[in-house]
Amino acid sequence: MNSINNHLIIGLGGTGGKVIREFRKLYERESQINKDIKYEFLYVDTNAEFMQHGDPNWKVLGKSVQLDQAQQLLIESANLGAVINNPAGYPQIEPWLQPVAPIKNLISINTVAGGQRRKFGRFLFANRAREFLGKANDRIKLLQTNRGSGVKVHVVCGLAGGTGSGSVVDVVAQIRKQYPDANQVKIVVYALLPEAIPKANWDSGNYHANGYAALAELNALAVGKYLPVD
């Protein structure tokens, strides 16, 4: 890679948002040490909890380090019911959406939620994939104006919930499709596995299954045995 001075941190779901928040606090204190190293951020979630303007949890030393709108993407407001009723009408996602019968048994046809159902998290991301790539491209191009054109992309998420577990493979695949040269854009995934014994009320039924499924897909992707539906 020509340079390792440029870093894009992508946070997926609640865990990704918290990691970015705490890193921003640290970075604010340490940013004067090495001005050659540049960081950019993109936070993607189905929940706007960590995106609220003026959230005091983003303050450090009296200064807010909250992300701006260009560095955030809220993936919500998708008509899941219409897709489930007519999956053939959505050929881009039908191959991984099928079978739809279990989805109908798990959730009301009119309900849209990421929750701990990774297929729903993936569905919500799919509806905003182009917007995600647009925002990611903007962050990467901004970094490439720094010394050297190489960028290291750090994808941070938890694998127990629906958002991180459901979107992490597509996030990696879409970025790699856009930037096929791994010497110029390197991608590293930092995935938090579900605890063996989660806290009370944390496991709604898919806690460990989400982690297993996402890890299996990431491993298969890494060795070239899994090609996600575009």
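The values are calculated or read from the model by the stated rules, or taken from the named source; none is laboratory data. Computed from a predicted structure; not experimentally measured. So basically every Cβ, Gly included, is an ideal-geometry build from the backbone, and we count neighbours across all protein chains shown. Keep in mind that these areas ignore ligands, DNA and RNA; they rest on the heavy atoms of the full protein, side chains included. Shrake-Rupley method; radii C 1.70, N 1.55, O 1.52, S 1.80 Å.
In this simple spin-label model, placing a label point 7 Å from the Cα along the Cα-to-Cβ direction at both Asp230 and Lys177 gives a separation of 0.5 nm.
For Val185, the residues 5 or more places off, or on other chains, whose built amide H falls under 5 Å of its own are Val151. Heavy-atom accessible surface of Ser64, to the nearest 10 Å², is about 60 Å², with a 1.4 Å probe and all protein chains retained. Cross-link partners for Lys38 among the lysines, with Cα-Cα distance under 23 Å and sequence neighbours closer than 8 places in the same chain left out: Lys18, Lys25, Lys59, Lys63, Lys135, Lys141, Lys152, Lys186. One chain, two ends: Val188 and Ala200. Fully extended at 0.36 nm per residue, the span grows by 1.2 nm beyond their Cα-Cα distance. Rounded to 0.05, the FRET efficiency of the Lys59 and Ala209 pair, given R0 = 35 Å and the Cβ-Cβ distance, is 0.40. Rounded to the nearest 0.05, the FRET efficiency derived from the C-beta distance between Trp96 and Ile37 at R0 = 45 Å is 0.75.
Here's how it looks for Gln116: its modeled amide H is under 5 Å from those of Gly162, which are all 5 or more places away or on a different chain. Listed by chain and number, the lysines whose alpha-carbon sits under 24 Å from that of Lys104, ignoring those within fewer than 8 places in the same chain, are Lys119.
Sorted by accessible area (1.4 Å probe), largest first, how do Trp96, Trp58 line up? Don't jump to the answer; show the numbers that get you there.
Values: Trp96 35, Trp58 0 Å².
Highest to lowest solvent-accessible surface, that is Trp96, Trp58.
If you line up the long axis of helix 13-30 against the longest principal axis of the chain, both from Cα atoms, how many degrees apart are they, to the nearest 10? Its long axis makes an angle of about 0 degrees. Taking all protein chains as they are arranged and a probe of 1.4 Å, the heavy atoms of Arg117 leave approximately 80 Å² accessible to solvent.
Summary of the geometry: region 62-78 and region 131-154, compared by the centres of their Cα atoms, lie 17 Å apart.
Rounded if a/c is under 1.5, else prolate if a/b is larger than b/c, else oblate: which is the chain, with a ≥ b ≥ c the root eigenvalues of its Cα gyration tensor?
Taking the square roots of the gyration eigenvalues as a ≥ b ≥ c, the chain is prolate.
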